[in-house]
1. Report, in whole Å, the centroid distance computed from the Cα atoms of the stretch 1302-1362 and the stretch 366-428.
2. Kindly sort K808, K525 by accessible area of their heavy atoms, largest first, with the probe set to 1.4 Å.
3. About the Cα centre of the stretch 1273-1324, how large is the charge dipole given +1 on each Lys and Arg Cβ and -1 on each Asp and Glu Cβ? Please answer in debye to the nearest 20.
4. With a cut-off of 8 Å between alpha carbons and a minimum separation of six or more residues, what is the relative contact order of the stretch 532-607 in percent?
5. Among 275-282, 724-731, what's the highest-first ranking by average C-beta atoms within 10 angstrom per residue?
6. Going by accessible area, probe 1.4 Å, with all protein chains left in place, what is the ranking of M1078, M1255, largest first?
7. Where does the stretch 724-768 land on Rg(C-alpha)/(2.2 N^0.38 Å)?
8. Considering all alpha-carbon pairs of the stretch 1094-1163, what whole percent are spaced by more than 19 angstrom?
Amino acid sequence: MEFASWHISTLANSYGVFFITELDMQFFLTSCVCVCVCVCQNASYLQRPDPDLPICVEQTVLVWFPLAFLWLCAPWHFANLCKKSAKAPLSKLHICKQVVAGLLLLTAIAELALTLGEDYGPSSDSTAQKHPAVLYTNPVLFAVSWIVVMLCQECVRRRPRAVDSGSLFVFWLLQVVCAVFQFQSLLRDALNKEEIADLPRFCLFYISYGLQLIALVLSAIADVSPEVKRMSQMNPEARATFLSRITFNWFNSMVIKGYKRPLVQEDMWDLNEKDSTQAFCQGFEEVMAKELIKARCSLQKKQNKRKTKSDHQNGLAKGVSQDVLVMEETGKKKEKKKKKKDSESEYPNSWLVPTIAKTSKAVLLESAFLKLIQDLLSFASPQLLKLMISFTQDKSSHAWTGYLYAVLLLVVAFLQSVILQQYFQRCFILGMKVRTSLMAAVYKKALVVSNDSRKESTAGEIVNLMSADAQRFNDVTNFIHLLWSCPLQIALAIAFLWIELGPSVLAGLLVMVLMVPINGWLATKSRGFQMENMKFKDKRMKIINDILNGIKVLKYYAWESSFEAQVQEIREKELKVMRKFAYLSSVSTFIFSCAPAIVSLATFAVFVSVSPDNILDAEKAFTSISLFNILRFPLAMLPQLISIMVQTAVSKKRLEKFLSGDDLDTMAITRDDSHSAAVSMTDGTYAWERDTEPVLKNVSLDIKPGRLVAVVGAVGSGKTSLISALLGELHSLKGRINIKGSVAFVPQQAWIQNATVMDNILFGSNLDEERYRSVVDACALGPDLDLLPGRDQTEIGEKGINLSGGQKQRVSLARAVYSSADVYLLDDPLSAVDSHVGKHLFERVIGPKGLLKDKTRILVTHGISFLPYVDEIVVLVNGVVSEVGSYDGLRASKGAFSEFLETYGKEESSNANANKASAQESDFEQIEMLPEGLEPQADGSPEDIVSSTLKRENSLRHSQRHSKQNGSKYSHDPHTLRKNSSVRSKKDSGDKKGQRLIEKETMETGRVKFSVYLQYLRSMGWCFITWSFLFYFIQNVAFIGQNLWLSDWTEDSVEYFNTTYPNHIRDMRIGVFGALGMAQGFLVFLGTILLADGSISASRTLHTSLLSNILKVPMVFFDTTPSGRIVNRFAKDIFTVDEIIPMSFRTCILCLLGVLGTLFVICLATPIFTAVVVPMAVIYYFVQRFYVATSRQLRRLDSVSRSPIYSHFGETVSGISVIRAYGHQQRFLKQNEDTIDQNLKSVYPWIVSNRWLAMRLEFLGNLVVFFSALFAVISRDSLNSGLVGLSISYALNVTQTLNWLVRMTSELETNIVAVERVREYAEIKNEAPWITSNRPPDDWPTAGNIHFENYKVRYRPELELILHGITCDIQSTEKIGIVGRTGAGKSSLTNCLFRIIEASEGQILVDGIDISTLGLHDLRSRLTIIPQDPVLFSGTLRMNLDPFEKFSDEEIWSVLELAHLKDYVRGLPTGLQHEVSEGGENLSVGQRQLLCLARALLRKSRILILDEATAAVDLETDDLIQNTIRTEFSHCTVLTIAHRLNTILDSSRVMVLDSGKIVEFDSPSVLLNNKQGHFYAMAKDAGIRGGETSKPTDISTDL
C-alpha cells in the first residue's frame, strides 16, 4: 500500500457519516493494517523534541474512541423514547443544540460527497489511486453519530426534570480533546509547507471543530424547564449540571450564606424527592414484607424440625435408667445454653441485611464500580512517580515527557478525586436513607405492635433502636465496600511492591501483619478502660442528678460540701482511668508513628542485605514508600471495620427481633353496622398477654345506641381492661366484639401532645368554629384559656407540663367530644377534676342533657353522684360482670353494687375536698422535666393505658385517696415515682399569665472567641502545651530528616554504579534511617503523654470550677433553669472536654506540622515552589473559613432537629392507645416522616458540605502535586532524582493531610463550644459566702427567739414584692402555725429564715443575731426543716441521715426508734448500709417522710420548721409524725406551715398570711371566735366549728 499518497489524500480529513452501504471489506482490513503499521512507526514520531502522533492514529483510534463511547451510552438514552412521559417545552438552548448537531451532520455529508466526487465524479480520473477506505468510513460513522446525538438530546428533553446529560458532555469533551491532535497536525503541516494541500477538507475540519467546541459549551449549560425552575428555588440541586454535580458547585450558595450569617432551619433547602423519607421507605417496606415472610417460613421449618427431634428423644428417654442423674449437673448447664440459644432464634432472623441490599442494590453496584476504579487509579500515581524519577535521572530524555508526566499526575489525581467524592456521596446518602428507613420502620411497628411484643422492649429501648441502632447501620453502610476494597488494595500494593523489591517486601509485610495483633490487644485493653470509665461516669451523673433533684434540701441542711466531696472522689477515680487510657493510646500512637518507618526499614534493609547487587535507587525507594502509604489505610481500617461489623450485628439482632414481633390483631373487633346494638361483646374472655391469666372472663354485653352506661367496680376489678378490650388492645382468648361506627376514647391519664391547645382538641380534624366554641364551653375550658398567654394558640409543653391535671383531662375530653364519634369510651375522666367541674362536665357533656346525649357512652366512674342519671350500670367484680341494671334496681338487689356504694359513698361524703385537690395536683406533679439538648429517653413518659395496666400495683384512685391536696408531690402509685424525675413545683412550670419563667437556652452561633481557646490552654497548663508542641515539632524535623537521608541514600546507586557497595556505608545508611524512624516514635509518644496529662489537668480544672460554682449559685437559678440543662453541662459538655477536644487538638497540631513539613520539603527541592505557596494558602484559608462556618451550623441544626424525632416518638408511644382508638395511625406516620425529613434537610447539606470541601481541598492538593512535578521538570538539571522523588511523594500525601486539617479544625471549633458552655455556668453569680469572719457561738441559737422587723422580699429584682413588711416576735419554745391560701407567702417566709431568698429590706434576728451577717452554712446548719417533699439521695440510709459522719451508730439508731423506723431498718439485710435507690424509690412515701423526721431529730437544733410536712402522707404516718414532734421538739421553737388545719389547732399561736402580709396572729381559739376573720372562714370551709379544738378526722381545705 502506498502510504505516502494516502497521507497526502487524508491530511485534511474531517468528520463524516455512516450509512450501511456495501462498502468493500477491504476498507476495514486496510484500516486495521494501517493502525498496526502506525504503531510500529510511532517510536520515530515520539523520539524527537517536538513529538507528534502518526496521521493514521489520529484518523482512526482518536476518531473512533469518542464515537464508541457515544454508541455505548446511546441505549440508556433511547430507553426514554419508549416511555410515555411529559416532554419539557422546547427551549432556545435545546433548539441551538439540535441546530449545531444538524450542521455537524451537514459537514459529514459534505465530506462524504467530496470523497465520492473525487473518486467517482465526472472530473475524476478512473486510472488514479482511489481514496483509502477511512475517508469513506469516518464521514459515514460521523453522520450516523450526529443523528444519534440529535436523538439523545431529544431523549434528555423527554426525561423528567433533566437539565443536561453527563454522558453527552463527556462525549463532547473526548471529541474535542481527541481532535486537538489532528487540529495541530493540520496547522503545523500548513505552516511548514506554507500552503494548504487539501483546502476543502481543511475548511470542513475547522468548521466542524468549531461547531464541536460550541456543542461542548452548550452541553455544559443547564436547560431549565419551568417546572425545574420552580423546584430550583426550593433546592438549587434541581438545576445543577453535570459539571456542577461532580464539583458540587451548586452548593456554593449555601456555603456563602453560611459564611455571611449563621444558618437557621428556614435556610435549609427542600429535599430531593428521591431522598425523602417516604420515597425510600416505600420500597424498603415492600421488600421487608417479602423477606419477613421468607424468614418466618424458614423459622417455622426449623421449629418443626426441632419439635420432631425432641419428640423422638422423648420416646427414647422413657427407657433410660435412673443412673443418668449423675450427669444432671453438666446437662443443666448445656440445657441453659441451649435454651438461651433457642430463645435468641425464636424470632425470624437474617432478613434485615438482604432487605437493605435489595432495596438499594442499584446504588450499591454503582458505588462499588466507582470504588473499584478509584482503587485502580490510586496505584497509577506511584507508577507515574517512578516514570518521573527515571525522567530526572535520564538527562537525555526529552523535556516534553516530563511535562506529560506532570499533566498525567494532575489528570489522574483529579479523576481520582472526582470518583472518590462521587463514591462517598453515594455511600453517605445511602447510609442516611438506611437510617431513615429503619427509623420509620421502627415507628410504624410501634404503632401496631401487640402487647406481647411490646412487653419485650421499654419505650427507652425502642428510642435506642431508632437512635443508636439505626445510626450503626448508617455508619456501616458508609464503609461497606471496604470489606472487599481493603483486601484488593492490599493485594495490589503487595504485587506492585514485589515488582519493585522482589521477595524482600515480605519483611515489611511481616512487620505490618505483626502489628495487627498488637493493635488488637491495645484495642481490647482500651475497651476495658472505657467500660470502667463509663461506670464512674454513670456513678458521677447519678449523684449529680441527685444533687439537682434535691438541691433545696442540700441548701436547707448545708450539706453541699459533703456531696461535692463525693462527686470529686468519683471524678478523681474517673480521671485516673482516663489517664491510663490516655497512656495506652500514647503507646498505640507510638506504634502507629513507628509503623511506616519500621516497615520501610525492614524492607529496605532486607533488600540491600540479600545481595550486593541490590542497590537502593530513588525509583525503587520512593515508589515503594508511596505504595506503603497506600497500604497503611486498608491495614488501619480493617480492624476498625471488623469492630463496626460486630456492633452492627448486635443492632441487627435487636432490630430484627423488634420488627418481626407480632402485630395487634386488627380482626379482634368487627364493624358490622347491621347489628342492633351499638356495642356488643359476646362471651368475651381477654388477657393482657398470650400466656397470662385472663382479666375479663365470659363477659357478655349489649349496649343499645344512644345509651349512657356506667361501669363500676372496686380497684382492680377490670374496668379499664373492659375499655381496653373494646379498643382491641387485649389478647382475645374467646368471644367477639362488634362496634357500630367510629370510636372516641378518653383515657384515665390524659394524653396531651406537644402542640397548641387547639391542635390538641382538633386532633387532625378540620376546624368548625361553632362546634369548636361549644365544645370548649361545655368542657369548662373557657376560663383556663383566658389565663393562658396565647389562649387556645398557647403551645402545651411536653407531656402537658404547663397544664394542671384537671386541665389536661378536660382537653382530652374536649378532643373526644369534638371528634363527633358514634361510640364514646370514657375511662374515669372525672376523677382528675374538682367535684364542681366534674358536675359541670357531666351535665354539659356526658349526661342525659349534655352534648353527647344522642351518642353511645360507656363511662367508667367512681363518682356515686352521677350514677342515678345513667341509663344502665354494669358492675364488675374480679373481671366478671356480676350485675347489670338501673341504679334503683341494683340498689334494691343488695349485691356487689350496694357494697360498692358503701365503700365509695362514705369516702366521697367525708373527703370530697381532699379528693378534689389531690386529684387535681397528682397528675401534674408527676411530670418529669426532660434534659434539654439530650436525646429524650422515653422511659419517663406518662404511660398509656396498656403499659400502666400491665404493670400497675395500685390504681391512680388509690393514690389519690392517700395523697393530700395542693402540692402533693408523690403518691403511692409506682408510676408517679419516675426514674430520673426532676419534679418541679407548680410555679416552675410554663408561662403564668404570659410571663416566661424558663428562658430558652441560647444556641451558640458564629465563630468561637479566641479567649475560649486561651482558657482551655490555660487549664491545660502552658508547660504541658509548650513541651508537647516542641516534641511534635522535633518529631516532624526527624521525619523530614529521615526522608532527606533516604533521598541521599538513593544517590549511592549513582555513586557506586557498577562497583561493589561497601558494607560499612550500607550499615550506616540503614542504622541512621532506623534511628530517625524510632526517634519519631519516641518523640510522638512523649508529646502525646504530655498532651494527655495536660488535657486531664484541664478536665479536672473545668469540672471542679463548674461543680463548686453550681453548688454555690442561688436557689432562683435552679427554679428558672431546667435541670436537664445543668445535667447537660456535666454530661455532654464534660465528656467533650474529657475525650473529644484533646483528640481534635492533637490531630490539629500533627496535621498542621505535617502540611508545613510537606511544603518545606517541596520548597527545599524546588525553591521556585514558594511562589505558588502564598496564593494557595490564601485559597485554602478561604475554603476553610467558608466550610467551617457552614458545617458548624449544619451540625448544630442536625442535633436540634434530631430531638423532635425522639420526642414525637416518645409522645406516640405514650399515647398509642388513643391514636389507635381514633384510627389516626396514618396521620402520625405522616407526621413522623415530616419530622424525619426536617432533620434530613440539615443532614443532607452537611454530607454535601463535606464533599464540597473535599473536592476543593483535593484540587488544591492535586495542584501541589502538579506544581511540585512541574517545577521538578523545569529545574531537573540542578536536581538529583532523590529530591524529586521525595518532594513528589510528599506532595501525593498532602491532600489527605489538608483534608484532615480542615476537618479537625472544624471539629475543634465545634467542640470547643463545650468549654464556653462550662465556663458560662462556672461564672454565674454566687449566693452569699458559706462561712464569714462573723461566726456565731457554738451553741447558738440557745433560746430560739425569732424577730422579724419590717421584712420585705422579692424573688428576683425585676419582680413584685412577695412579703410586704413582715414584723412579728416569736418567743422561745412557741409553736406557731402558719396558714394562708395558695400564694400567700407561707413557704417564702421559711425560705427567708434560711436565706434561700435574700431580704430587700428589713432584717430577721435569731436570739439577737442578725442572720444576714452570718455565713450561710453557719446559719443553715443551726436550723432544721422537714421539707414538704421527702427528698432522699442515692447511697446508704446512714449517708442520708448523716453525710458528714458526725454521729455514732447508737445516736442514729435512737433517732430511728423515735421516728418509728427502727424495726423496719433492723429487718433489712444490710441495716443502716441499706442502699437507697434514686429518689428513694425503694421506700414508701411514708417511710421517706419518717426518715426526714429522723434527720431533724439528729440535728437537735432549737428551731424547727415543718413545711407542709404531712401533705403527702397517709393519716397513720401523719399521726406518728405529729406525736413525735409534740414530744421530742417540746423544747424547740416550731413553725408549721399547714394545709390541714387540724395539725395546727393545738399551736400556741396561728399566723394567717394573705398576699404577703400578716392579717391575723393569735391563738387558734381567739381566731375561731372572730367570725369576720380569715381563719374562721378557712375553718368553716374545712368543717371546723367555732371553738372546736378537738382533732377532726381528716379535714382539709385548699389553703
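The values are calculated or read from the model by the stated rules, or taken from the named source; none is laboratory data. Computed from a prediction, not measured in an experiment: that's the story for all the values here. Quick reminder, even Gly has a Cβ in these numbers, built from the backbone with ideal geometry, and neighbours come from all protein chains shown. Quick note on the areas: whole protein, heavy atoms, side chains included, nothing else; ligands and nucleic acids left out. Shrake-Rupley method; radii C 1.70, N 1.55, O 1.52, S 1.80 Å.
1. Computed from Cα coordinates, the inter-centre distance equals 64 Å.
2. Per-residue accessible area, sorted high to low, gives K525, K808.
3. 240 debye
4. 40 percent
5. Put in order of decreasing packing, that is 724-731, 275-282.
6. Output order, biggest surface exposure first: M1078, M1255.
7. 1.57
8. I get 53 percent for the Cα pairs in the stretch 1094-1163 exceeding 19 Å.
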